[in-house]
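Visitor: Dropping a structure here in structure tokens format, bear with me for questions.
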Amino acid sequence: MAKSETPLLDELEKGPWPSFVKDIKRVAARKPMAKDLLRQLELSYKEKIGHWKHGGIVGVTGYGGGVIGRYSDRPDLFPNVAHFHTMRVNQPSGWFYTTKALRTLCDIWDRHGSGLTNMHGSTGDIILLGTFTEHLQPCFDELSEAGFDLGGSGSALRTPSACVGPARCEWACYDTLDACNDVTHEFQDYLHRPMWPYKFKFKFSGCPNDCVASIARSDLAVIGTWRDKIRVDQAAVQAYVGGEIAPAAGGGGKRAKFDIQKDVIELCPTRCMEWNGKKLTIYNDDCTRCMHCINVMPEALRPGKDTGVTILVGGKAPILEGALMSWVLIPFMKFESPYQEFKDLAEKIWEWWDENGKMRERLGELIERMSMRKFLEAMGLPAVPQMVKTPRYNPYIFF
Amino acid sequence: MAKSETPLLDELEKGPWPSFVKDIKRVAARKPMAKDLLRQLELSYKEKIGHWKHGGIVGVTGYGGGVIGRYSDRPDLFPNVAHFHTMRVNQPSGWFYTTKALRTLCDIWDRHGSGLTNMHGSTGDIILLGTFTEHLQPCFDELSEAGFDLGGSGSALRTPSACVGPARCEWACYDTLDACNDVTHEFQDYLHRPMWPYKFKFKFSGCPNDCVASIARSDLAVIGTWRDKIRVDQAAVQAYVGGEIAPAAGGGGKRAKFDIQKDVIELCPTRCMEWNGKKLTIYNDDCTRCMHCINVMPEALRPGKDTGVTILVGGKAPILEGALMSWVLIPFMKFESPYQEFKDLAEKIWEWWDENGKMRERLGELIERMSMRKFLEAMGLPAVPQMVKTPRYNPYIFF
Amino acid sequence: MGKTDIGPPDFRKFLPPVIKKNYGKWKYHRILEPGVLVHVSERGDEVYTVRMGSGRLVSVDFIREVCDLADKYCDGYLRFTSRHNVEFLVTDKKKLAPLKKEIAAMGRPIGGTGHSVTSIVHTQGWVHCHTPATDASGVVKAVMDGLFEYFGSHNLPAQVRIALACCLNMCGAVHCSDIAILGVHTKIPKIDHETLKNVCEIPTTIAACPTGAIRPHPDKEKKSVIVNPERCMYCGNCYTMCPAMPLADGEGDGISIWVGGKVSNARHTPMFSRLAIPYLPNNPPRWPEVTAAIKNIVEVYAKHANKYERIGEWIERVGWERFFKLTGIEFTPLHIDDYKLSTTTFRNSTQFKWG
Amino acid sequence: MGKTDIGPPDFRKFLPPVIKKNYGKWKYHRILEPGVLVHVSERGDEVYTVRMGSGRLVSVDFIREVCDLADKYCDGYLRFTSRHNVEFLVTDKKKLAPLKKEIAAMGRPIGGTGHSVTSIVHTQGWVHCHTPATDASGVVKAVMDGLFEYFGSHNLPAQVRIALACCLNMCGAVHCSDIAILGVHTKIPKIDHETLKNVCEIPTTIAACPTGAIRPHPDKEKKSVIVNPERCMYCGNCYTMCPAMPLADGEGDGISIWVGGKVSNARHTPMFSRLAIPYLPNNPPRWPEVTAAIKNIVEVYAKHANKYERIGEWIERVGWERFFKLTGIEFTPLHIDDYKLSTTTFRNSTQFKWG
Ligand code: SRM
Ligand code: SRM
Ligand code: SRM
Ligand code: SRM
Ligand code: SF4
Ligand code: SF4
Ligand code: SF4
Ligand code: SF4
Ligand code: SF4
Ligand code: SF4
Ligand code: SF4
Ligand code: SF4
């Protein structure tokens, strides 16, 4: 049996977690691009260094983004990955698919690329991983025929993402999927044609559990919330206490025994709940809607009905000034289709950011540089205590 | 009755709190300086603006500090405060006095100054408030005769201060008064002859209650602590619970009813205490020596016996880079006379600060600029987790 | 010529016998009543402490009166506290009543212990300093008159430490006080272009500004500087370095109020004071707006906080949203930090109360 | 030419009937067993979800296999989660067992729900990016092999979210994860002075450095730049802007481990990941040091944390001193921040534990 060309990578075929090496090898059998990818990766494993050159500018007609150019720095050894560009395909909101649509995508990619993908990229796109420049346009054409379009890249609006929301979650305070889809279609121009100081990302989570990590990974995070009371089913509370219903959120395992006092009452961040052995009382004025009690007793507690969203701005990774999490800009905004108030806000933000932002300066960094105060002025928004963890302790006030 | 020259100030003679205006008026009757001070202050009250010029350089022979020069900007109207310099007199540790010593001071100041003082200045000195340049030297000579010396000012070691400590407090973990006195005498040269980038302050508190505000008001804070267990007298605990002894720390007033669970157990920051109705258990490994339980039940709980100090550095007011509170540098140091280890540390710090500090750059600002890491290296001290609230979350590591 | 470098007198000479005998041997204390403590030593000795409020700016006459009392009741010993109050140390319990009576007769208050408003740490103000944006002693007198009942009582949830500083140099611990009164300028320095070149070094003056608001004067002849109003936040550091750049202004100067600071490590770690009210006008002699604002804060706190909750601990529990709502203080854009550490003060969570 | 600007397909076309019928009408869910949920709607309809672990870097063959299962058990519908796992939506409870059996037969795990280690969010690494300091898929495979038992069980105190980013650009949410695996360079850029002038703009390159470590090359002819090793912290931003300044180095590159980050608002507000281990060597193919270090952290956490305490909440309760002691990880000067917000991370209190 011929000695394997990828002894190091072969080690990763062992072990219980699904092996990407095994998966690539299947495709490598029929796809030289995949084969050479493995061979180049083996070299990287040996030398402990990547073998991809700085991306060039590649793309499809009419778009300034959606494709990440990639070239091997050893095309001599790995000719089939001399080019290995990736195409970002905008995912359907909530990553719902029919097998028919997925099979179409697979066929297109089998014809035009390495047959490898990331399902999905961290921003949310379907990542078609690796092809040659000449395949880009034909591949795009077939994708478009099949009803798919490219996602964002470069200094543009990037592909928005949404949590599963009302499709399958009882805690969604607004239609995350519709909002994400609507907004993505509304701003196609900004998405396909980079025109800003740098990238801009939206993320839509249906409630403060934030299952699409909007507060950490988007310049403008939309998180569902409610203004009225948590809905309580006292009988169901007793059922949890009595053990008839197992607490949710994986309370199972060796920590199964449910203790409402220890597991819920004492973990409420504002201690605004009381349990007297029979009845659960929630002082909703002091509830900060952290979701914990609801997470643990979903059959007994439900978010309120007067729902909407909290808008937060500024989240980003560390380069250049340090990582940021988004900050509360608007504590509460009603959020129904066609989301006009939200779209107007986005346009206003982009205008101010485009006017004042330096090259590669994200929204959060610009707000930090110019001051939240100037940003609020530009947005015509009031300063409210919900925006701060603490008022300033620095005495340098620009009266 | 002649109309008062100070109608506005006269308003401050009313009201229950002791009136400084009444007090000054008494002296003004016989001291023109005090009279003119009141008249100038009245003008300030009318114009809502101070009438003192930028201080000049005044002092006594052999010293570079200890006197704050002050000149009225209206010597024409208030000739007797044309000069109104203050002399900072180094207080005895813990602000203990005999009436004999105080009367001597009063006589000297009656002879050489306005007869007004601050008992005491925020750094701790006796402030002899206001005299003419020609009085400075003779006044100093008489003070010295009477066993008093000037405090610090300018870019020098300032007057150290200590809490009442073992003189009258049961919680002092070291002799704050002796340490303060010893250190002040040790470094007289640094105190009287400014030679550093800027000022430097010591403060000595006997325990984490920090009754001399060392963590906020000194570059090098010495706070008493212990390494072993809190001493518990179970009978006394029961006495508090039974109401035989009233809880200390002003538990009186309308909140008198003592509830050990609510007032002590649930307020321990690390929840490391348990009360089962009879016995108090403290898990000392998790105790962070915050003092609260001891504060409330002084007859039942006492600090441990293996005492010493925690050394913190960097505290200062906001100018220029923003206010700082001191940071843990050495979690535990035995602290007995002659405090040589501490004095060596102080010298080492000054040397590093003097070498690297910019003009008017405080120790805390220098550590921020150069990095705590470089400071620890220079001090030959290890990095320990007690020094941080949290390890870095910024990924820019200087490997 | 007096001998130099003799340093402070040895405190041991000034310790009353009962203190000398029990130095480092104290066992516990009790607060007998507002302003009166007793400390009991391991040998069973007792020393009673009567704490008398003092305005800090005091005359030699006042000191002599205090000495008379100390001679009469404390064998000629006394001390001052770290917050300017006088402490009479009495060994004979029977002397307490007459001592207290005489103190009252002098119109001096007894208190400042336990859960009280003790005396306000403050600075020079218009009495002596050259960079004040308000007075110190006057404001303190007015505020303490308003809070007088809280000095001699223990009805507050916990200690309330108030401090005043008359400019951003913040002498004292204004940056870590339950309530801080801070003098603020709100007008840019009025530059005296004539004298500047004689009294100031231009490079040092320019470097003195934390926000780079100072630039060389465009007219080279002037050999002076100009201030960019957009960048000035009135810190006064340029005036500290250059006497030709005063900021004091009768109309612009005023007082800002800060809350929630703490020095002790009890329960909660030490905290900075945070902005509650950006600006109240200087309104001597009794600063009605300032006294009313502080009284309101103390009373809302007293009504809502739990026992042993300092103001900062109370606010941390109920939330700043609730603080502004309960006190009726308006939250403005000025409350939001815009200096170096601003992002660490913004709320990165959907955890907040509606009011 | 394909039509442009058509945007993503309408998700409504891809919703299974049970979802369409109960869209926005779900009432509650239960976690039946690790990897299997049931959601019940207000009308009483039920949808069962089987969550299958996926390595994210998957081939079209894998996707087709998944489609086969979805056709057989879910009427041709499926979805992916925000952490790359596949979710099969089943309406007929009886199909669960056979579906699970077939998934197992494919060698694919079921789990990632509730108090588990769900799949690791990760990025390109050596597979595709040009700025990595380590691989992504390989490290994730090795680490998940080591933590495999925690994927399909609910034995942890709370959810453990692990993320990997192969350089400081931190694609994904490495900056807010319970455990973060971050590729780090430790050697300064190797400047290719020949090509630099053709491929880079010198001013932009110089401006790209957050610490001002880049200066024009002293030798004007070179028309290049040099890096001051003292000021460089290997962030890689210069390389992002200028292809002639690569940092990747076979010996110097490695992995740092960060802990205590959190995205959700449950109980505690969101938190950043904090440094636990500054550097572990790149040791492909199975990164033994990295897998061992992470397994140790997960197991010490599982042993000591209370129920519903994420790693960051546990550490906040016991103290970082205790975390380093229990895990045996060495606390070094590198753990202490030295960038812009450093002073907000230093301990301004005597409240700490001895160990
Ligand atoms: C493909 C993807 C990683 C993945 O494997 O999933 C990715 C890949 C790259 N990212 Fe990213 N980022 C990806 C999601 C993210 C995220 C997470 C998110 O969007 O939810 C972040 C953190 C949030 C943020 O944007 O700050 C992220 C923060 C960055 C940064 C740092 C930006 C900053 O302001 O700090 C850079 C650097 C840059 O933009 O120059 C970057 C740059 C890059 C580049 C283009 C490398 C470069 O410097 O040119 C990477 C291309 C790799 C390649 O060869 O394919 N990528 N990147 C993700 C996008 C796939 C998709 O479209 O679905
Ligand atoms: C007298 C006193 C206030 C009082 O009424 O008690 C005082 C008065 C002055 N202080 Fe102070 N400071 C006094 C304690 C403090 C304290 C508190 C302490 O020492 O415990 C602080 C905060 C801690 C600190 O040092 O940071 C303090 C922080 C300042 C600062 C800001 C320093 C900084 O780095 O931020 C300045 C500005 C300067 O030094 O240029 C300053 C400057 C001054 C000057 C010299 C004004 C100036 O800029 O030239 C004041 C002279 C006023 C006058 O005309 O008498 N004073 N100053 C205090 C000293 C009396 C004594 O010796 O006992
Ligand atoms: C006399 C004095 C020390 C001195 O050397 O002069 C002193 C004396 C005592 N302090 Fe203090 N403290 C003194 C200034 C301070 C300061 C400094 C300051 O205010 O500038 C603090 C820090 C304040 C802060 O946190 O902002 C201070 C924070 C405490 C605490 C902690 C209170 C808390 O819960 O946060 C205690 C414990 C208690 O009272 O329960 C305490 C307890 C005590 C005890 C009970 C200690 C003892 O056993 O003797 C002393 C008398 C009780 C009292 O005043 O009710 N002492 N104490 C100071 C009196 C000031 C005054 O005239 O009012
Ligand atoms: C399917 C998914 C949403 C999606 O649109 O794809 C999802 C689905 C659910 N999440 Fe989530 N979460 C999903 C990513 C997230 C993320 C984002 C991430 O990890 O990148 C977070 C933030 C994580 C963080 O804080 O760092 C997240 C934090 C939560 C929480 C809060 C947990 C906590 O105590 O901090 C809950 C509540 C709970 O589990 O008790 C939750 C609860 C739930 C519930 C129970 C909501 C519901 O009623 O349906 C869902 C299934 C339970 C489960 O997974 O145990 N979900 N969830 C994502 C599954 C990821 C996976 O494959 O493992
Ligand atoms: S963010 Fe909230 S609404 Fe969205 S999936 Fe998670 S728990 Fe459900
Ligand atoms: S949602 Fe959170 S804050 Fe509100 S009651 Fe439940 S546990 Fe408490
Ligand atoms: S700091 Fe501690 S030892 Fe000193 S007086 Fe205050 S309580 Fe007593
Ligand atoms: S000193 Fe503080 S931390 Fe220690 S047991 Fe007492 S209350 Fe708890
Ligand atoms: S706070 Fe400012 S004005 Fe007041 S004494 Fe100190 S330096 Fe002078
Ligand atoms: S007052 Fe302060 S901010 Fe304004 S110019 Fe002077 S130094 Fe600069
Ligand atoms: S983390 Fe860095 S190396 Fe990895 S994909 Fe993102 S940009 Fe590339
Ligand atoms: S790697 Fe980062 S710190 Fe080093 S020179 Fe490049 S940009 Fe500057």
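Visitor: Taking the axis about which chain A rotates onto chain B, which residue of A lies nearest it as judged by Cβ position, and how many whole Å separate them?
Guide: Minimum Cβ distance to the axis, with residue: A:Glu266, 5.
Visitor: Among B:Trp352, B:Trp327, B:Trp17, which one moves the most in a GNM of chain B with springs linking Cα atoms closer than 10 Å?
Guide: In this elastic network of chain B, the residue with the biggest mean-square fluctuation among B:Trp352, B:Trp327, B:Trp17 is B:Trp17.
Visitor: I've got another one for you. Would you please give the FRET efficiency between D:Lys197 and C:Thr332, computed as 1/(1 + (r/R0)^6) with r the Cβ-Cβ distance and R0 = 60 Å, to the nearest 0.05?
Guide: 0.70
Visitor: Given bins 10 angstrom wide, list per bin the percent of all Cα-Cα distances in chain C, short to long.
Guide: Each 10 Å bin holds this share of Cα pairs: 5, 20, 26, 23, 16, 8, 2, 0.
Visitor: Taking chain B as a whole, which cysteines find no other cysteine Cβ under 4.7 angstrom from their Cβ?
Guide: B:Cys106, B:Cys139, B:Cys169, B:Cys173, B:Cys180, B:Cys207, B:Cys268, B:Cys272, B:Cys287, B:Cys290, B:Cys293
Visitor: Return the percentage of antiparallel bridges among DSSP beta bridges fully within chain C, rounded to the nearest 5 %.
Guide: Here the share of antiparallel DSSP bridges comes out near 85 percent.
Visitor: Right, another one. List the residues of region A:186-205 whose backbone N lies under 19 Å from a point placed 7 Å from the Cα of A:Asp344 along the Cα-to-Cβ direction.
Guide: Those under the cut-off are A:186-187.
Visitor: May I ask for the Kirkwood hydrodynamic radius of region B:342-399, worked out over all distinct Cα pairs and given in angstroms to one decimal?
Guide: For region B:342-399, inverting the mean 1/r across all distinct Cα pairs yields 12.7 Å.
Visitor: In deg cm²/dmol, rounded to 500, what helix-only [θ] at 222 nm does chain C give when every DSSP H run of at least 4 residues adds -39500 (n - 2.57) and the total is split over its residues?
Guide: -7500 deg cm²/dmol
Visitor: What is the dipole size for chain C, taken about its Cα centre, with +1 at each Lys and Arg Cβ and -1 at each Asp and Glu Cβ, in debye to the nearest 20?
Guide: 1140 debye
Visitor: Nearest-5 percent of antiparallel DSSP beta bridges in the protein assembly as shown?
Guide: Of all bridge pairs located within the protein assembly as shown, approximately 85 percent are antiparallel.
Visitor: Hey, another quick one. Could you tell me the relative contact order of region B:155-199? Use alpha-carbon pairs under 8 Å, at least six residues apart, and round to a whole percent.
Guide: 57 percent
Visitor: Obtain the nm distance between the two label points defined at C:Lys27 and D:Asp68 by a simple spin-label model: each point lies 7 Å from its Cα along the Cα-to-C-beta direction.
Guide: So the label points at C:Lys27 and D:Asp68 sit 8.6 nm apart.
Visitor: Any idea what % of Cα-Cα pairs in region C:2-151 are farther than 24 Å?
Guide: 40 percent
Visitor: Between C:Asn296 and D:Lys303, what is the FRET efficiency for a Förster distance of 51 Å, r being their Cβ-Cβ separation, to the nearest 0.05?
Guide: 0.50
Visitor: Note the distances from A:Met379 to each other copy's matching label point, with points 7 Å along the Cα-to-beta-carbon direction, in nm, sorted shortest first.
Guide: Spelled out, the distances from A:Met379's label point are 4.1 nm.
Visitor: Right, something else. Place +1 on the Cβ of every Lys and Arg and -1 on the Cβ of every Asp and Glu in chain B, take the dipole about the Cα centre, and give the residue among B:Trp327, B:His192, B:Ile24 whose Cα lies farthest towards its positive end.
Guide: The Cα lying farthest towards the positive end belongs to B:Ile24.
Visitor: Please arrange A:Glu351, D:Glu65, B:Glu365 by counting, for each residue, the other beta carbons lying within 10 Å of its beta carbon, fewest first.
Guide: A:Glu351, D:Glu65, B:Glu365
Visitor: Along Cα-to-Cβ, 7 Å out, sits the label point; list in nm, shortest first, how far the one on C:Gly328 is from those in the other copies.
Guide: Nearest to farthest, the other copies are at 6.3 nm.
Visitor: At 7 Å along Cα-to-Cβ for each site, give me the label-to-label distance between A:Arg227 and D:Arg12 in nm.
Guide: 2.8 nm
Visitor: Over region B:264-399, what is the relative contact order in percent, taking alpha-carbon pairs closer than 8 angstrom and at least six residues apart?
Guide: 16 percent
Visitor: For region A:161-249, what is the convex hull (Cα atoms) projected area averaged across all directions, in square nanometres?
Guide: 7.6 nm²
Visitor: Between D:Asp5 and B:Ala239, what is the FRET efficiency for a Förster distance of 60 Å, r being their Cβ-Cβ separation, to the nearest 0.05?
Guide: 0.15
Visitor: Neighbour counts of other C-beta atoms within 10 Å: give me A:Arg111, D:Arg43 arranged from fewest to most.
Guide: Neighbour counts put them in this order, fewest first: D:Arg43, A:Arg111.
Visitor: Let me ask another. Over the Cα atoms of region C:101-161, each weighted equally, I'd like the Debye log10 I(q)/I(0) at q = 0.22, 0.28 Å⁻¹, rounded to two decimals.
Guide: -0.89, -1.08
Visitor: Separate question: Along the charge dipole of chain C, which of C:Ala142, C:Ile6, C:Val127 sits closest to the positive end, that is, farthest toward it, with unit charges on the beta carbon of Lys, Arg, Asp and Glu (+1, +1, -1, -1)?
Guide: Result: C:Ile6.
Visitor: Still on this structure: What size of dipole, in debye to the nearest 20, comes out for region B:83-230 about its Cα centre when the only charges are +1 on Lys and Arg C-beta atoms and -1 on Asp and Glu C-beta atoms?
Guide: 460 debye
Visitor: Right, next: From the P(r) of the protein assembly as shown, could you give the percentage of C-alpha pairs in the tail past 69 Å?
Guide: Roughly 14 percent, once rounded to a whole number.
Visitor: In whole angstrom, note down how far apart the Cα centers of region B:27-98 and region A:12-73 are.
Guide: First find each Cα centre; the distance between them is then 79 Å.
Visitor: So what's the gap between the Cα centers of region D:206-259 and region C:230-303, to the nearest angstrom?
Guide: 45 Å
Visitor: Next up: When a footprinting reagent is the concern and you count Cβ atoms within 10 Å, what order do C:Val66, C:Val127 take, fewest first?
Guide: Taking fewest neighbouring Cβ atoms as first place, the list is C:Val66, C:Val127.
Visitor: If you place +1 on the Cβ of every Lys and Arg, -1 on the Cβ of every Asp and Glu, and leave all else neutral, what size is the dipole of the protein assembly as shown about its Cα centre, to the nearest 20 Debye?
Guide: In debye, rounded to 20, the protein assembly as shown gives about 2340.
Visitor: May I pose another question? With every atom except the alpha carbons ignored, what do you get for Rg and Dmax of region B:97-188, in angstroms?
Guide: For region B:97-188, the Cα radius of gyration and maximum Cα-Cα distance read 14.7, 46 Å.
Visitor: Considering the dipole of region A:89-217 built from charges on the beta carbon (Lys and Arg +1, Asp and Glu -1) around the Cα centre, which of A:Gly151, A:Ser214, A:Ser161 is farthest to its positive end?
Guide: Result: A:Ser214.
Visitor: Would you mind computing, in nm to one decimal, how far apart the modelled labels at B:Met359 and B:Ser337 are, each placed 7 Å from Cα along Cα→Cβ?
Guide: It is 4.3 nm.
Visitor: For chain A, compute Rg over Rh where Rg is the Cα radius of gyration and Rh is the Kirkwood radius from the inverse mean 1/r over Cα pairs.
Guide: Answer for chain A: 1.03.
Visitor: Also: Most mobile of B:Lys358, B:Lys14, B:Lys22 per a Gaussian network model of chain B (Cα springs, under 10 Å)?
Guide: Fluctuation is largest for B:Lys14.
Visitor: Moving on to the next point. Between A:Asp306, A:Asp178, A:Asp125, where does the largest GNM mean-square fluctuation fall for chain A, given springs only between Cα atoms within less than 10 Å?
Guide: So, out of A:Asp306, A:Asp178, A:Asp125, the one fluctuating most is A:Asp306.
Visitor: Could you work out how far the C-alpha centroid of region A:284-362 sits from that of region D:107-136, in angstrom?
Guide: Centre-to-centre distance over Cα atoms comes out at 27 Å.
Visitor: Once phi is turned into θ = phi - 60°, what whole-Hz ³J(HN,Hα) does the Karplus curve with 6.51, -1.76 and 1.60 give for every residue of region B:148-158, x standing for Gly and Pro?
Guide: For region B:148-158, the Karplus-derived couplings read 10, 9, 7, x, x, 7, x, 7, 9, 5, 8 Hz, x marking Gly and Pro.
Visitor: What are the nm distances, shortest first, from B:Arg74 to its equivalents in the other copies, labels at 7 Å along Cα→Cβ?
Guide: For B:Arg74, the inter-copy label distances come out at 8.7 nm.
Visitor: If you don't mind, another one. Over chain B, what is the relative contact order in percent, taking alpha-carbon pairs closer than 8 angstrom and at least six residues apart?
Guide: Value for chain B: 11 percent.
Every read-out reported here was derived from the displayed coordinates using simple, explicitly stated rules and does not represent laboratory data. Keep in mind that this is a model prediction, so the values were computed, not measured. With ideal geometry, Cβ positions are generated from the backbone for all residues, glycine too; neighbour counts draw on all protein chains shown.
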